[in-house]
Amino acid sequence: MIRGIRGAITVERNEAGEIIAATETLLREMVRANDVAAHDVSFVLISVTDDITAAFPAQALRRLDGWTYVPVMCTREIPVPGSLPRCIRVMMTVETDKRQDEICHVYLKDAAMLRPDLSLTKKTEM
């Protein structure tokens with residue numbers, strides 16, 4: 001079954017190093033929390049808010065061993081007034097035997113407020 005794993009993280013500054021490092025942290029945590037192997041990933045879609053322009057966060061995926069051939073694409077979020085600033089969101093589609101309610105979605109830093117009902121913290125309390 002193909003399942004989606006969601007994640008998000010915020011950055012303090014629009015700086016290339018911080019954007020790539022934060023994205024790598026998020027990806028590694030999504031992989032760890034869901035026991036994901038690169039060969040089970042269909043694709044990864046990464047979106048950013050309009051205030052993130054200093055780097056392509058997809059570069060972080062190439063820092064993960066074995067992820068060379070995983071398709072990845074960056075896009076922009078809809079600029080909704082009042083939405084969370086400096087936010088990087090990830091949708092990772094994977095082949096897994098897990099049920100939807102067994103997937104651990106990962107929301108880090110200020111992004112934890114986006115979906116506290118589905119966050120990794122909530123799952124680990126269960």
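Test of the criteria: in the range 58-93, which trypsin sites (Lys or Arg not before Pro) are in a DSSP loop and have at most 10 other Cβ atoms within 10 angstrom of their Cβ? List each step's numbers first, then the result.
Numbers: sites: 62, 63, 76, 86, 89; in loops: 86.
Here no loop site has a sparse enough neighbourhood.
Quick one: dipole size for the chain, taken about the Cα centre, charges +1 on Lys/Arg Cβ and -1 on Asp/Glu Cβ, in debye to the nearest 20.
That gives the chain a dipole magnitude of about 60 debye.
Using Cα springs under 10 Å in a Gaussian network model of the chain, which residue among 30, 73, 92 shows the largest mean-square fluctuation?
Highest fluctuation of the listed residues: 73.
Between residue 115 and residue 2, 0.36 nm times their residue separation minus their Cα-Cα distance comes to what?
My answer for the length gained is 38.5 nm.
Connecting C-alpha atoms closer than 10 Å in a GNM of the chain, tell me which of 85, 57, 71 has the biggest fluctuation.
71
Report the paramagnetic label zone for residue 91: residues of the range 1-35 whose backbone N is under 15 Å from a point 7 Å from Cα along the Cα-to-Cβ axis.
Label zone hits: 2-8.
Chymotrypsin sites (Phe, Trp or Tyr not before Pro), restricted to the range 18-102: which are DSSP loop and have at most 15 other Cβ atoms within 10 Å?
Hits after loop and neighbour filter: 69.
Could you tell me the distance between the Cα centroids of the range 35-89 and the range 93-120, to the nearest Å?
Going from one Cα centre to the other spans 15 Å.
I need the phi-derived Karplus couplings for the range 22-28: 6.51 cos²θ - 1.76 cosθ + 1.60, θ = phi - 60°, integer Hz, Gly and Pro marked x.
5, 5, 4, 4, 4, 4, 4
Find the Cα radius of gyration of the chain, compare it with 2.2 N^0.38 Å by division, and give the number to two decimals.
Normalised Rg, Cα atoms only: 1.00.
Where a number appears in this text, it was derived from the coordinates with a stated rule and is not lab data. No experiment lies behind these values; they were computed from the predicted model shown. Using ideal geometry, Cβ is built from the backbone for each residue, glycine included, and neighbour counts are taken over all protein chains shown.
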